[in-house]
Amino acid sequence: MLAGHYAPAFIAHRLVPRAPLWALLLAAQAVDVGFMLLGLFDVEGARLADHEPRLIVTAGVWTHSLPATAIWAVTCGLLAARLLGSRSAGVAIGAVVASHWFADLLVHTPDLPLGLTQEPAVGLGLWLHPPWAWALECGLVLASCGWLALRLPATARRRALGLGAALVGLQTLSEFVIPTPPVFGQLAASALAIYAATALGGWSVDRARGAEPTASPREQKQP
Ligand SMILES: [Zn+2]
């Protein structure tokens, strides 16, 4: 899953505005950042193909197993709570990190380990039906980003919607146009660039939001 992973981040930012959007967007892909980096050192890895499923995790215990997901979520949540000085922001970020596994569960073929070994593994396999996988991911992004945008001031709203549209475009290109990268290093480089660019997009929404706060009438009266 690519764009769909960002839906929990958009939802969490509407529910807990103290958690910065850039950090939530990064949290949504935290375990994939780990997977790509570990894959570059052959600690984890995937089999790539130009037919469905285009990616099968062959070694993913450290990042894509259920127990590892729990550890990643708690660690990132505690770290975020400390750095941001907000317990609710920490909980939001931890929950978004955990959401990655459950979103992957929908699309992956059975390659997500349930324990500390690669087998047994689970996955509901929506990737075998690309139009449905595409529709699910785009639907999740549009609904969640639209719901967040309703709460944002004008400039931040425009930027958030722009980010959502870019993610839908990216999903469309990666699903139907761009072929699977032939080697893992190429996949990792492009994935990491996408994760960084998306977080940067979130940061620009945060900035716009900070510059034009939606003040309550009571706050406006204060000198
Ligand atoms: Zn993943």
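The values are calculated or read from the model by the stated rules, or taken from the named source; none is laboratory data. Given the structure is predicted, the values throughout are model-derived calculations rather than measurements. Virtual Cβ from ideal backbone geometry, glycine too; neighbours counted across all protein chains shown.
Determine whether segment 110-126 contains at least one residue that is among the hydroxyl-bearing types (Ser, Thr, Tyr), closer than 30 Å to Gly210 by Cα and at pLDDT 95 or above.
The answer is no; no qualifying residue exists.
Against the condition over 24 Å from Gly185 (Cβ atoms), of a type outside the set (Ser, Thr, Tyr), within 15 Å of the ligand (Cβ to nearest atom) and surrounded by fewer than 20 Cβ atoms within 10 Å (Cβ to Cβ), how does Leu66 come out, does it pass?
Judged against the criteria, Leu66 is a match.
Among the residues of segment 71-80, which ones are buried (at least 22 other Cβ atoms within 10 Å of the Cβ) and more than 16 Å from the ligand (Cβ to nearest atom)?
Gly77, Ala80
Taking interchain pairs and intrachain pairs at least six residues apart, which have beta carbon atoms under 6 angstrom, with the first residue in segment 47-60 and closer than 12 Å to Leu187 by Cβ and the second in a loop (DSSP other than H, G, I, E, B) and among the polar types (S, T, N, Q)?
Leu48/Thr180; Arg54/Thr180
Within the set of pairs 6+ apart or on separate chains, which have a first residue in segment 82-102 that is at pLDDT 95 or above, a second that is crowded, with 20+ Cβ neighbours inside 10 Å and acidic (Asp, Glu), and C-beta atoms under 9 Å apart?
His100/Asp32
Within segment 173-188, how many residues turn out to be more than 18 Å from Val57 (Cβ to Cβ) and free of Cβ contacts under 8 Å to residues at least 12 places away in the same chain?
Count: 3.
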